[in-house]
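Derivation of every value follows stated rules applied to the coordinates shown; laboratory data play no part. Small disclaimer: the values here were computed from a predicted structure and weren't measured. Here Cβ is always computed from backbone atoms with ideal geometry, including for glycine, and neighbour counts include all displayed protein chains.
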Amino acid sequence: MHWTRTLQRCALPLSLGVAALIGKNPAALAQSDSAPSNQSAASQSSGNEWWRHAVIYEIYPRSFQDSNGDGIGDLKGITSRLDYLYDLGIDAIWLTPIYPSPGVDYGYDISNYTAIDPIYGTMADFDHLVAEAKKRNIRVIMDYVINHTSDQNPWFIESRSSRTNPKRDWYIWRDGKGETATSKGEPPNNWESWFGGSAWQWDEKTRQYYYHYFYVQQPDLNWRNPEVRKAMYGVLDFWMQHGAAGFRIDAVSRLFEDPELRNDPYLPGHNAYGDRNIEHKYTDNLPEVHDVLREVRDVVDRYPGDPVLITEADEPNITELTKMYGHGDEVQLPMDFQIADVNQLSAPRFRELFKEIESNSANGQPEYFFSNHDQRRQWDRYGDGRHNDQIAKMMAVLELATRGTPQMYYGEELGMRTTDPTRIEDVHDPIGKRGWPKEKGRDGERTPMQWTPGPNAGFTSPGVKPWLPVPPSAREYNVQTESQNPDSIYNAYKRLLSLRRTNAALRDGVQTTIDNNDPDVFAFLRRDGNSTVLVALNMSAHNRQVNFDLANFGIHDSTLHPLYSSPAQPPTISSDHVVLAPFAALVAQVQ
Ligand code: NOJ
């Protein structure tokens, strides 16, 4: 069954017709044609929007595929790998920023929101990528860096040029405390940057401080200024008109700060940069964030194709996360950092968190992920050093067999691992330079995609120095080698992605936890109409024998037919006697 999609793709030229044949939602094929309409679509939610059934794949463009031999990935490189993505079975790619940038925060410091950084190619390359992706029914989601710009952005250059410049108020400028004609005084308050040090930077020319939640080179925009809102909403229009399917909104909870500039409360201890720990009480999650999210939603909803909004907001609990959905008028997919950050194979903890998000009071769609470009890869965070391949497959089931919209990170389908620099001289990410050796930065999770066992793992031409070194593990863990091994992590992902697409219960079915007390096994049912799928994950290093009593669900004397199992299970299993090897995963049709 899981090969159907591949065979159809190979046998026929790609066209929208083919995409429809392979069972995708036909409504979804109308990806945003550029013209906006005056009618907001928020009120017209069909409940069957493409993003509800999609699997999103995050690409870090610098590291995916280099097409021109400069050691840095680019747009043409991504386009050349669309067949791979199609064959893998994902539905949308999220591109981390590809806009012109001095690169202090590797693209999250934007100097021009409506252009392509020449490192990655041209606008024509982008349009070509979107068109080619569309032929494969793959959508392109853009990164919307909303909280701050680069200090090289012309808006900021104007803003810092004089206190009376019309763009002065586009950023957050304040006087220092105790400033005199000869001294800059102290920063206006104790607010700290997420990347270390004070969040205030003195600017000698106009003798005021500006606020930056992140690096000094990333001044925060002033979202209380209507002109800022207008300019930033224009950015959304620009990319929607270039065929974007939606946006992943960066650092959204940091948009507003307390107008009274009250000091944040200190917490015990110090962080990796040596600063006192602090609670970002007055710089994070202010209620005004939701006004902006509603406005952003209004802008994108003027375009057809059910544009999606995803928020990056590491909400501390389900109550804060739930607020991101608004009343169906804010974000469709707030990333669930609670689940991403469990960081231990704990059946009780996953059970509790999945229950919470499943029953969120906004009835919002969950969005799951385990790895991204800011976080050590799941291989390292969940692997025990002994069963890592098996654990990687189990985590794939956890991600792809639960209800919601999963978000993968390039290379997780191979078992790519975090490979940190070993010397401070080799570090690229400034937080690694600043926090070394406690904080080695994020280079380790951004290494080149591993395509082949050959030179540079096929990421760039042989003999070229890739911008980050290819990890030694690429010799074994790469697309070419793993695609030839039916038992590889890569083939596990492919099978699961195919299963999710073809099995309605797995794709859309209600999720219900089966056993509330098992310390090792996280098990749940996915039910759609008469079809029931059981998913069982042994999160322990012991063999477990489990009796799944399904009587409470109206299911008696049931037999399980494995749809996916790792390690392999017999073709039929009685639900009252299921044997699960260490870190085993089972997905089975209940009959
Ligand atoms: C979150 C992004 O994911 C991260 O990479 C970046 O450094 C910060 N936001 C600042 O933009």
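Residues of region 375-396 with an amide N closer than 18 Å to a point placed 7 Å from the Cα of Asp314 along the Cα-to-Cβ direction: 375-382.
To the nearest 20 debye, what charge dipole does region 448-567 have about its Cα centre, counting +1 at the Cβ of each Lys and Arg and -1 at the Cβ of each Asp and Glu? Write out the running numbers ahead of the final one.
Values: 10 positive and 10 negative charges, 115 e Å.
Dipole magnitude for region 448-567 comes out near 560 debye.
Just add up the charged neighbours of Ser67: K/R +1, D/E -1, any other residue whose Cβ is under 11 Å from the Cβ of Ser67.
Numbers: positive: Lys76, Arg81; negative: Asp66, Asp70, Asp74, Asp125.
Around Ser67, the surrounding residues sum to -2.
What is the calculated FRET efficiency for Asn547 to Asp384, with r their C-beta to C-beta distance and R₀ = 22 Å, to the nearest 0.05? Can you show the working numbers first?
Details: r = 26 Å, r/R0 = 1.20.
That gives a FRET efficiency of 0.25.
In a simple Cβ point-charge model (Lys, Arg +1; Asp, Glu -1; nothing else charged), region 504-590 has a dipole of about 220 debye relative to its Cα centre.
Once the Cα atoms are used to define both axes, helix 347-358 deviates from the longest principal axis of the chain by about 70 degrees. Pairs of Cα atoms under 8 Å, at least six residues apart: use those to get the relative contact order of the chain, whole percent. Once divided by the residue count of the chain, the mean separation gives 13 percent. Under 5 Å between amide hydrogens, built in the peptide plane, is the criterion, and for Thr405 it picks out Glu367, Tyr368 among residues at least 5 positions away or on other chains.
Here the Karplus curve 6.51 cos²θ - 1.76 cosθ + 1.60, taken at θ = phi - 60°, turns the phi angles of region 543-560 into couplings of 5, 10, 10, 10, 10, 8, 8, 9, 4, 4, 9, x, 10, 10, 6, 8, 10, 10 Hz, with x standing for Gly and Pro.
Annotation: extensible slack from Phe238 through Ala181 equals 16.1 nm (criterion: 0.36 nm per residue apart, minus Cα-Cα distance). 3J(HN,Hα) along region 432-447, derived from phi through the Karplus expression 6.51 cos²θ - 1.76 cosθ + 1.60 where θ = phi - 60°, amounts to x, 5, 6, x, 4, x, 5, 10, 8, x, 10, 4, x, 9, 10, 5 Hz, with x in place of Gly and Pro. What you get for the chain, charging only the Cβ of Lys and Arg (+1) and of Asp and Glu (-1), is a dipole of about 900 debye around the Cα centre. Among 207-216, 160-169, sorting by the average number of other beta carbon atoms lying within 10 angstrom of each residue, highest first, gives 207-216, 160-169.
In the distance distribution for region 526-591, Cα-Cα pairs more than 16 Å apart total 41 percent. With the simple spin-label model, which puts each label point 7 Å out from Cα in the Cβ direction, the Glu227 to Gln344 separation comes to 5.3 nm. The angle between the Cα long axis of helix 123-135 and the longest principal axis of the Cα atoms of the chain comes to about 20 degrees, rounded to the nearest 10.
Pairwise inverse Cα distances across the chain, averaged and inverted, put the Kirkwood hydrodynamic radius at 25.1 Å. Peptide packing for 500-508, 394-402 was compared via the average number of neighbouring C-beta atoms within 10 Å per residue; ordered from the highest value, the list is 394-402, 500-508.
Here the spin labels are modelled as points 7 Å beyond Cα on the Cα-Cβ line, and at Asn263 and Asp83 they lie 6.3 nm apart. Model label sites at Asn165 and Ile424, defined 7 Å from Cα along the beta-carbon direction, differ in position by 3.4 nm.
Taking 0.36 nm per residue of separation and subtracting the current Cα-Cα distance, fully stretching the chain between Trp202 and Gln480 would add 94.9 nm.
How much net charge surrounds Phe256 when only other residues with a Cβ under 11 Å from its Cβ are counted (Lys, Arg +1; Asp, Glu -1)? Numbers along the way, then the final one.
Working: positive: Arg224, Arg254; negative: Asp220, Glu257, Asp258, Asp284, Glu288, Asp291.
Taking every Cβ under 11 Å from that of Phe256, the sum is -4.
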